Amino acid sequence: MVIHMEKVVIVGIVFAIIAVGWILGTGQWAYGNVVGPLVNYSKLPKVEVTYVSAIPTANGTALRLNLTDVDGPDAYPASVTMVEIVNSTWHVFLNSSQLANYTVTVYQSPWNENKGDAVNWYSGFEIPLGSQGQFVLNLPFKLSPGVYELILYTPAVKPVEVSFTSS
Amino acid sequence: MEYLWPLRFAVGWMFLDGGLRKAVLKPEKLNPLSASFVGGKLVNFLPHAGPFKPFLLMTLENRVLDVTFLTAFSYLEIVVGLFLILGVLTRLAAFGALLMSAGFAPAYWLGSTCEDEWQIGALLVAGSLVLMLTASGRTWGFDSLLYRRFGDRALSRRLPLLKWIKLW
């Protein structure tokens, strides 16, 4: 049996398949809305620490932190309002104004645009979605050599923990 | 075909409005020295941009390319939007709209209250396809004059791919 189809029907079917494929494919990719699990990466911020180092200085410790925000809304930056440094016998909390006071430089990554990473008294570290920066802090206390946990607190989400070694 | 006009206006206005906002109504959006510069939007796309990430990074790390790309894109939005609304070279304009709608796929994952960007992109892709296939500018559009005078015309009559892309 030979089926004859008009050209317009064939073109219609081809583009219908393209449209359906695009819509379902991109929906699955972005939100998992075809076969799940459902996701929405732009709901809540997710700060990641990509590098951390602590080096003793003459009157304290130079702490370098590379921070990026990989999830969350695009309208507002992610905030790290408090940082905790802890080991098995000791810990210290740094609030947002301390973070602002101790930060001496923020290096922006080459792809950061006009709204780069920043620090202020009220929000602490501010990291726009997708940008990355290195925050250099002069902490007014010395960290003894050893392994520490660095815990970053962002409102409404689970704290982020990374280990680092102070030399 | 008359019933397609609202769709032609909707798709056209989305692009015309987007282009006008950046290039005419608030030109600071295309000024890299301004706090309103829209280049920052491209940074927001990065984390889940998938295969588009290398292109985005290359664009963002080259300021001249970044500004040129965003400026050209904005003016293209104005032209495509205006042509769709007026029904001028509608099939070609709809093809451009289709490419631009698909081109902002790196932003599809952004939608903090719902699936905003993906819904906009998916609807614009489907709308542009319909306008392209139906030659909707030949009704209530200037393409009716072009069609009456010149008949059906493609971008090229000889090149295999371009002969499928019709002008109106």
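Only one of the listed residues (A:L129, A:L152, A:L99, A:L143) is without any contact (Cβ under 8 Å) to a residue 40 or more places away in the chain and buried (at least 20 other Cβ atoms within 10 Å of the Cβ). That residue is A:L99. Buried (at least 17 other Cβ atoms within 10 Å of the Cβ) and either in contact with a helix residue (DSSP H, G or I) (Cβ under 9 Å, 6 or more places away or on another chain) or touching a residue at least 24 places away in the same chain (Cβ under 8 Å) (or both): is that true of A:T61 in this structure? Considered against the rule, which asks whether it is buried (at least 17 other Cβ atoms within 10 Å of the Cβ) and either in contact with a helix residue (DSSP H, G or I) (Cβ under 9 Å, 6 or more places away or on another chain) or touching a residue at least 24 places away in the same chain (Cβ under 8 Å) (or both), A:T61 comes out as yes. A:K142 satisfies every condition listed in (1) modelled with pLDDT under 95; (2) out of contact with any strand residue (DSSP E or B) (no Cβ under 7 Å at 6 or more places or on another chain); (3) of a type in the set (K, R) except (2).
Taken over the stretch A:1-50, the residue count meeting the criterion of being outside any loop (DSSP other than H, G, I, E, B), within 30 Å of A:L63 (Cβ to Cβ), hydrophobic (A, V, I, L, M, F, W, C) and within 12 Å of another protein chain (Cβ to nearest Cβ) is 1.
Any chance the stretch B:24-40 includes a residue that's at pLDDT below 95, in contact with a Pro (Cβ under 8 Å, 6 or more places away or on another chain) and within 18 Å of B:P106 (Cα to Cα)? Yes, the stretch B:24-40 contains at least one residue that is at pLDDT below 95, in contact with a Pro (Cβ under 8 Å, 6 or more places away or on another chain) and within 18 Å of B:P106 (Cα to Cα).
Selection of the stretch B:118-128 for residues being crowded, with 21+ Cβ neighbours inside 10 Å and either within 17 Å of A:P73 (Cβ to Cβ) or modelled with pLDDT under 95 (or both) yields only B:W118.
Return the residues of the stretch B:40-51 that are surrounded by fewer than 18 Cβ atoms within 10 Å (Cβ to Cβ) and either free of Cβ contacts under 8 Å to residues at least 40 places away in the same chain or more than 10 Å from chain A (Cβ to nearest Cβ) (or both); say none if nothing qualifies. Spell out how you get there, then give the answer.
Residues of the stretch B:40-51 that are surrounded by fewer than 18 Cβ atoms within 10 Å (Cβ to Cβ), as a first pass: B:50-51.
Passing the criteria: only B:P51.
Taking the residues in the stretch B:26-39 that are surrounded by 17 or more Cβ atoms within 10 Å (Cβ to Cβ) and of a type in the set (A, V, I, L, M, F, W, C) as candidates, determine which candidate is nearest to the other protein chains (Cβ to nearest Cβ).
Filtering the stretch B:26-39 down to residues surrounded by 17 or more Cβ atoms within 10 Å (Cβ to Cβ) leaves B:29-30, B:37-39.
Adding the requirement that they be of a type in the set (A, V, I, L, M, F, W, C) leaves B:30, B:37-38.
Numbers: B:L30: 12, B:F37: 5, B:V38: 9 Å.
Among those that are surrounded by 17 or more Cβ atoms within 10 Å (Cβ to Cβ) and of a type in the set (A, V, I, L, M, F, W, C), it is B:F37.
So which of B:R63, B:R91 ends up being within 14 Å of another protein chain (Cβ to nearest Cβ), over 17 Å from the mean Cα position of the chain (by Cα) and either buried (at least 16 other Cβ atoms within 10 Å of the Cβ) or over 30 Å from A:V39 (Cα atoms) (or both)? Outline the logic, then answer.
On the way: B:R91 fails: over 17 Å from the mean Cα position of the chain (by Cα).
Step by step, each of B:R63, B:R91 is checked, and only B:R63 is within 14 Å of another protein chain (Cβ to nearest Cβ), over 17 Å from the mean Cα position of the chain (by Cα) and either buried (at least 16 other Cβ atoms within 10 Å of the Cβ) or over 30 Å from A:V39 (Cα atoms) (or both).
Within the stretch B:87-113, being outside any helix (DSSP H, G or I) and under 16 Å from A:N40 (Cβ atoms) holds for B:Y108, B:W109, B:L110, B:G111, B:S112, B:T113. Whether any residue in the stretch A:34-48 is buried (at least 16 other Cβ atoms within 10 Å of the Cβ), touching a helix residue (DSSP H, G or I) at 6+ places or on another chain (Cβ under 6 Å), touching a residue at least 40 places away in the same chain (Cβ under 8 Å) and not polar (S, T, N, Q) is what I want to check. Scanning the stretch A:34-48, I find no residue that is buried (at least 16 other Cβ atoms within 10 Å of the Cβ), touching a helix residue (DSSP H, G or I) at 6+ places or on another chain (Cβ under 6 Å), touching a residue at least 40 places away in the same chain (Cβ under 8 Å) and not polar (S, T, N, Q), so the answer is no.
Within the stretch B:122-142, the presence of a residue that is under 30 Å from B:L33 (Cβ atoms), of a type in the set (G, A, S) and assigned to a helix (DSSP H, G or I) is excluded.
The values are calculated or read from the model by the stated rules, or taken from the named source; none is laboratory data. What you are looking at is a predicted structure, and each value in this text was computed from that prediction instead of being measured. Ideal geometry is used to build each Cβ from the backbone, glycine not excepted, and the neighbour counts take in all protein chains shown.
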